[in-house]
Every structure is written in structure tokens, then in C-alpha cells.
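For reference, the structure is listed below as C-alpha cells.
The values are calculated or read from the model by the stated rules, or taken from the named source; none is laboratory data. What you see is a predicted model; the values in this text were computed from it and never measured. Positions of Cβ are generated from backbone atoms using ideal geometry, with glycine treated the same way; all protein chains shown enter the neighbour counts. With ligands, DNA and RNA removed, areas are computed over all heavy atoms of the protein, side chains included. Shrake-Rupley method; radii C 1.70, N 1.55, O 1.52, S 1.80 Å.
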Amino acid sequence: MNAIEIRGLNKTYEGFKLDNINLDIPTGSIVGLVGENGAGKSTMIKLIMDAIERDGGNVNVLGIDNKDELFTELKNEIGVVLDEAYFPEILNAKDVNLIMKATYNNWNQEKYYDLINKFNLPEARKFKEYSRGMKMKLVISVALSHEAKLLILDEATSGLDPMIRDEVLNVFYEFTREDEHTILLSSHIVSDLEKICDYIAFTHNGKLVFMEEKDKLLEDYAIIKANKEELTDIPEESIISKRENKYSYEVLVHRDQVSDSINKEHITLEDIILFIAKEGM
Amino acid sequence: MKGLITKDLLTIASHKMYFIMIAIFVLIPDQFLGNFAIVFAAMLPITAIAYDERSKWQELESMMPYSNKDKILSKYLLAYMLVFAVLVLSIVVHSILALFISEYKELVNVSLMAIVVSVALIIIAINLPFIFKLGVEKGRFVFIGLSVLIVMLGTNLNSFSDVIKIGNNVQYYLFIIAAIINIASIMISYKINYKKCRN
């Protein structure tokens, strides 16, 4: 079963088109949505949440079409963290508790205050006096306190220092201990995605380039460093992309299509994405 | 919708000065100031909308279990609640004070208050679609224009009292007009907001 199913999704803005997206987010998984700024990640998330009108296609979330009247009610089961906190700056954590209590059917006040304490957030301090890290922790606390089955995180860790990012990623990881809990995590910080994701979906220029298991990606692809002569030993069909340096080439290849006798370098997710993005696929 | 109204009430409540001003307007034995307290209450949702705009609350709101109707209706309901609360406060305070101080007796004028409430409702109805369309910054010009109109009406309140005294049902008609304008206003605001936020 899939937590999110996207079919033929389209959205056009002036100078940008999200083009025929087909994507399944399996229930119980953590899926990283990666792509450069402006690749269409946030637009896709807004379309999943039916926050904006789509031009075409269908989106099913937790078994319900997001155009169905029931979808507003279903949002009780979806926790969303955006790139900013977006709470009126005059409010504090106690106010947020009252607002969310009146908003979500399954608001768990105890859990909320547990998280607030865990993150050392001052309850009475106004939001405008919070640091960015504190603000994001507050919004994450909200997203995790209404018994959501699906978490959608749009650049939720951007701009946070590595210590806080690590702390927050651990909280997300905890969330998926329950089988039916799913996370869609959009980020351009590939190291974060590499750390916790099961699958990686890569968007580029408004298109979904691939959606693969992270481990499979790392197994399937390899980088070969070669000079001009060695380059001819690499089968043409195995080459996905290549970078030309002053005296050598770096070549992204399908590992299984290249002979074991050719030396292959260790590859990271970031390498794969940079190579593919450069190729303009 | 309860969550949205709670948020707006908490936002407005953080400005204690507004409530002090309303208390002063109600306590001063002056008909214009007493009535202005009711009109002032009708304008308080603009403060909440200004905070929403500044924090881009709409981005987060669209991810929460609020329907598009909730987002618009909550602002109108908030305004009605505030107007009603100040109206009740005025009636109670003026009625109690009238027992001891004669100057307050003429302030307890339900017909006149009905007219003022209708004016407040009309202000809400005219103001909010402009605020939704133009934002608080630009929409403020409409608010300023309306304020000038209110002051002009305020200075002629005695003639309104005369109209009521001669048995004219102006307060009822005005209330019905205010109700109709509000229904139209809600529909217009909904369309404006839908077009603005959904693209």
C-alpha cells in the first residue's frame, strides 16, 4: 500500500512547469525528495496537500483523493513542516497548544509538551524571540503531536546547524518506528536524506528523474576516474554522465555494465545527483 | 474554524492596549466614544490579518484541516463576536452606571446601539474584501476612508436619535441592509481568497 500516489501531475507557472509527475510513496517508508532550488519540490508538496490548484493529474493521500471533500478532515492525519515556521510572531508555545487543540481532532497535549521540554523550548517566550532552530523545533513538535500517520517535511532542516539537524532527524526516525508511519522529506541537503531515507526521489527542472531505493542507487551506480585512453575501455551504454577535468574524466556509470577489472570509486548520493543534474536529464 | 478564531483572539489579546482603549471609550460618559468602542471592535480582526500576512500564516494554514470557507468565515465571525462582546459590555456597564450617575442614562439607548452595530457590520463587510484583495497595507486606505465617514456620521448622531424618536424603524432596516451586505461580502471575500491563494 502507498501512503501517497501521484499520477500525471501537472502545474504550470510562468517560466516553470511541473511536468507529468508519477510517484508512489510506500507506507512505512522515509522518502527523500531531492532537487535544486526551484526544481518543483515545494510545488509538488502544495499539490499533494491541495493547497494550490493543479492543472492536471491525480493525487491520492492515505487512500483518499485529495480533491475529495473528506481530504480536509484527512489533514488531521498529516503533519506538515514547511521551510519556515509561519506562526504569528506574537504567539508563544502555550498559545500554539491552545490553537492546535482547537484545530486537530487528535491533538495530544501531553505529547506536545513532552516534545517542547525535550527540545528545551521556553513555553512563555514569544515566537519572535525564538531562534530559527527553536522555531523549527516548535513546528516539528506540532506536526508530531496530532497522531499523524504521514509527515510531509519541506526543507524542514534547512538553515539549522548540524547539531540541531541531527537531533531533529532522530525524532523523524523515531516517528517511523510504527509500521504505518510514512515520511516524505524534501531537502536539498543530500547528506540528511542519505542519513535517514529509504527511497530517494530526484526532481530536476520540474520533472521526476528517478525514484529509487537509496541502497540500490548506491549499489547500482559508480564513478570511474579515467584519462582519455582509459575512457575508451568503458562501455558507451554504461555511461550516464561524465565530467571533463583538465587531465582526466570522472564518469558516472551503471556499475553492473562495467567490467570488474576497471577500478571504481566510492559514490555518494550527492555525486549521483550532481552528475545527473549536470547532464540535464 | 475554532482553531483559527482561537489564534486570532490570542493574537488580538496580546495587544492589551486595545482592550484598555475599549474600556476607556465605554467608561467615558460620551455617546460618540461609547459608540466608537463598538465600531473599534469591528476593526480588530484587521490586526490579526496583519500578523497573518507578516508571518505568511496562510502557507501553514493551507496545510491544516481548515476548509477554504473556514479561513474566510472565521474572520467575519471573529469580528461579529468582538462587536457583540463590546455591545454587551456597553449595555451592562452603562446600565449599571446609569443607576448612580445620570449622565449615563442617555447612553442606554438600544435603538441607537442597533444602528451603531449595523454600521460596524457594514464596515466589516466593506473592509474585509479589500483587505483580502489588497492586503492590510493597501487595504488600510479603505479603512481610512470609512473612518472619515464614521466620524461624519458620529458628529450627526443626534439627528439619528431624532429619526428614531419619531418612530421610524431605521434601525431595523439598517440591520437588514447590514446583514445582506455581509452575506455578499463573505461570498466576494471567498472568491477573492480562493483566486489569490489557490494559484
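Table for the structure above
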read-out	value
Hey, residue A:190 among the β-branched types (Val, Ile, Thr), in contact (Cβ under 8 Å) with a residue 40 or more places away in the chain and closer than 23 Å to residue B:71 by Cα or not	no
Of residues in region B:23-41 being in contact with a Phe, Trp or Tyr (Cβ under 7 Å, 6 or more places away or on another chain) and open to solvent by less than 10 Å² (accessible area, probe 1.4 Å), the one farthest from the other protein chains (Cβ to nearest Cβ)	B:34
Region A:64-86 - residue that is more than 8 Å from chain B (Cβ to nearest Cβ) and touching a residue at least 60 places away in the same chain (Cβ under 8 Å) and, of those, farthest from residue B:58 (Cα to Cα)	A:77
All positions within region A:87-102 that are free of Cβ contacts under 8 Å to residues at least 40 places away in the same chain and either out of contact with any Leu (no Cβ under 8 Å at 6 or more places or on another chain) or of a type in the set (A, V, I, L, M) (or both)	A:88, A:89, A:90, A:91, A:92, A:94, A:97, A:98, A:99, A:101, A:102
Residues that are within 22 Å of residue A:100 (Cβ to Cβ) and either more than 14 Å from every other protein chain (Cβ to nearest Cβ) or at pLDDT 90 or above (or both), drawn from region B:7-22	B:7, B:8, B:9, B:10, B:11, B:12
Options B:73, B:99, B:134: the member that is at pLDDT below 85, open to solvent by 20 Å² or more (accessible area, probe 1.4 Å) and out of contact with any strand residue (DSSP E or B) (no Cβ under 8 Å at 6 or more places or on another chain)	B:99
Region A:22-52: number of residues that are within 14 Å of chain B (Cβ to nearest Cβ) and either in contact (Cβ under 8 Å) with a residue 12 or more places away in the chain or within 14 Å of the chain's Cα centre (by Cα) (or both)	10
Filtered residue count, region A:87-119, keeping only those that are open to solvent by less than 50 Å² (accessible area, probe 1.4 Å) and either at the interface with chain B (Cβ under 8 Å from one of its Cβ atoms) or part of a loop (DSSP other than H, G, I, E, B) (or both)	13
Hits in region B:42-60 - residues which are more than 8 Å from every other protein chain (Cβ to nearest Cβ), touching a residue at least 40 places away in the same chain (Cβ under 8 Å), open to solvent by less than 30 Å² (accessible area, probe 1.4 Å) and not hydrophobic (A, V, I, L, M, F, W, C)	B:45
Hits in region A:1-39 (condition: buried (at least 16 other Cβ atoms within 10 Å of the Cβ), closer than 17 Å to residue A:155 by Cβ and out of contact with any Lys or Arg (no Cβ under 6 Å at 6 or more places or on another chain))	A:30, A:31, A:32, A:34, A:39
Positions within region A:201-215 being in a strand (DSSP E or B) and open to solvent by less than 50 Å² (accessible area, probe 1.4 Å), in sequence order	A:201, A:202, A:203, A:204, A:208, A:209, A:210
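Conditions tested, residue by residue: (1) open to solvent by 40 Å² or more (accessible area, probe 1.4 Å); (2) touching a residue at least 12 places away in the same chain (Cβ under 8 Å).
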{"residue": "A:225", "(1), (2)": "yes, yes"}
{"residue": "A:231", "(1), (2)": "no, yes"}
{"residue": "A:251", "(1), (2)": "no, yes"}
{"residue": "A:260", "(1), (2)": "yes, no"}
